[in-house]
Amino acid sequence: MPLTWAEYIEVYQGDPSKAWEDYYTYGGLPQVVLAPTREGKADILTELYELVYIKDIVERNNIKDTESLSELISVLASQTGSLTNTEKIANTFTSIKKISNGTINSYIKYLEDAFLIKKAERYDIKGKKHIGALRKYYFEDVGLRNAKLGFRETEVNHIMEAIVFNELRYRGYSVSVGIVEMNYTNEKGTRAKKQLEVDFYAKRHDRSFYIQCTLSLKDAGKRAQEERPFMLIKDSFRKIIIVEDDVIAHNDENGIFIVSIRDFLSRKELVEI
C-alpha cells in the first residue's frame, strides 16, 4: 500500500499549505512523494503506471486486447465512488468493439491481483448481509488513478472517499458500502421504499462504525442529506461525517461525530475511542 497521510506528512518536503492538495493529486507512492516538483511527480506516476503496473498485468496474464484493458481502467478511474457492475461498465465503452462481461470480470480480477484497485461490496445495514452485484472500485493509490486520466478529473469529493477507504483498510477494517431502506410517501400519495447510501460501513473485530464523506456541511440542505441515512440506523455504532473543511472535531446535536479529513487521517484516537 502507498504511504498513509500520517506517514506522508512526516517525509513531505514541500510547502505545508500544499501538502493535502499534493496528496490527493499525486498519492502516496514513496518515489513520487520524494520528487521535488509537481511535474516530476506526474512524470514518475505516468511511467510507473505504463511501464510497471500495465506492462506487468499484460505480460503476466497474456492479454492481447490491451486497448480494451486500457479503456476499462479509464472507466473505473472515472467512476471512482460510483456503484457499478460489469454490465454498466460494458455499456460505457466508447469503442465499437464489444467486450463480454466475462472478459471484464477477468480484467478486473487482474487489476485487483496487481494491487491497482480494490472493491467495496454493498451491505444491507438492517438485514446485516452483503447484497447484489453492484459495488464500488477504488484505486489503491489515487495518484495512479489521476495519472491514468491525465490529471484532468480530480474531483476532491470522490478522491477523498478513496483515501478514506484505503485508510480504513490500512487500519485493519473490512469496508463495505452501507445501504439503508427508507419508507416515504411518493407524489401519488402512496407508500413507497427507497435505498439511501452510507459511504462506508467499517468493521473490525473490536469495533464498527458508519462514515459519510463530504466536502462541507456549511449548507443546511447538504447537512440534512448526509445525516438522513444515519437517522434510520437504530444500532449504537458510532456515526461519523468526514469533511474537507477545517473544523474542530465534535459531536453535533444528533450525536454524529464531525471531523476534518486531515484530523481523521492523522489522529486515529479521535475515531477509535
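Here are some notes:
- Hey, Asn183 exposed (fewer than 15 other Cβ atoms within 10 Å of the Cβ) and of a type outside the set (Ser, Thr, Tyr) or not: yes
- Helices (runs of 4 or more DSSP H) contained in the range 1-59 and holding at least 2 residues of a type in the set (A, V, I, L, M) and closer than 21 Å to Glu155 by Cβ: 38-47
- Restricting attention to the range 112-130 and to residues that are open to solvent by less than 20 Å² (accessible area, probe 1.4 Å) and in contact (Cβ under 8 Å) with a residue 60 or more places away in the chain, the residue that is farthest from Gln195 (Cα to Cα) turns out to be Ala114.
- Test result for Met160, part of a strand (DSSP E or B), under 21 Å from Tyr210 (Cα atoms) and not basic (Lys, Arg): no
- Which listed residue, of Ile73, Ile117, is modelled with pLDDT of 90 or more and in contact with an Asp or Glu (Cβ under 7 Å, 6 or more places away or on another chain): Ile117
Matching residues to (1) touching a residue at least 12 places away in the same chain (Cβ under 8 Å); (2) over 23 Å from the mean Cα position of the chain (by Cα); (3) surrounded by 15 or more Cβ atoms within 10 Å (Cβ to Cβ):
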residue	(1), (2), (3)
Ala6	yes, no, no
Leu29	yes, no, yes
Val32	yes, no, yes
Glu50	no, no, no
Glu67	yes, yes, no
Val75	yes, no, yes
Thr84	yes, no, yes
Glu87	yes, no, no
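- Selection of the range 217-246 for residues being open to solvent by less than 50 Å² (accessible area, probe 1.4 Å) and of a type in the set (A, V, I, L, M) yields Leu217, Ala224, Leu232, Ile233, Ile240, Ile241, Ile242, Val243.
- Identity of the residue in the range 131-157, basic (Lys, Arg) and part of a strand (DSSP E or B), that ends up least open to solvent (accessible area, probe 1.4 Å): Lys136
- Qualifying residue in the range 92-100 (condition: out of contact with any Lys or Arg (no Cβ under 8 Å at 6 or more places or on another chain), touching a residue at least 12 places away in the same chain (Cβ under 8 Å), open to solvent by 30 Å² or more (accessible area, probe 1.4 Å) and in a helix (DSSP H, G or I)): yes
- So Thr80, is it more than 16 Å from Tyr210 (Cα to Cα), part of a loop (DSSP other than H, G, I, E, B) and of a type in the set (Ser, Thr, Tyr): yes
- Residues that are of a type outside the set (Lys, Arg), open to solvent by 10 Å² or more (accessible area, probe 1.4 Å) and outside any loop (DSSP other than H, G, I, E, B) were ranked within the range 164-173; the one that is nearest to Leu83 (Cα to Cα) is Asn166.
- Every residue from the range 188-216 that is in a strand (DSSP E or B), open to solvent by 50 Å² or more (accessible area, probe 1.4 Å) and either in contact (Cβ under 8 Å) with a residue 12 or more places away in the chain or under 20 Å from Glu226 (Cα atoms) (or both): Lys193, Lys194, Gln195, Glu197, Lys203, Arg207
- Contacts under 8 angstrom Cβ, first residue in the range 158-171 being closer than 11 Å to Glu244 by Cβ and of a type outside the set (Val, Ile, Thr), partner assigned to a helix (DSSP H, G or I) and open to solvent by less than 10 Å² (accessible area, probe 1.4 Å), 6 or more apart: Met160/Ile261
The values are calculated or read from the model by the stated rules, or taken from the named source; none is laboratory data. Owing to the predicted nature of the structure, the values given are computational and were not obtained by experimental measurement. FYI the Cβ positions are ideal-geometry reconstructions off the backbone, even for glycines, and counts take in every protein chain you see. These accessible areas exclude ligands, DNA and RNA; they are computed on the full protein's heavy atoms, side chains included. Shrake-Rupley method; radii C 1.70, N 1.55, O 1.52, S 1.80 Å.
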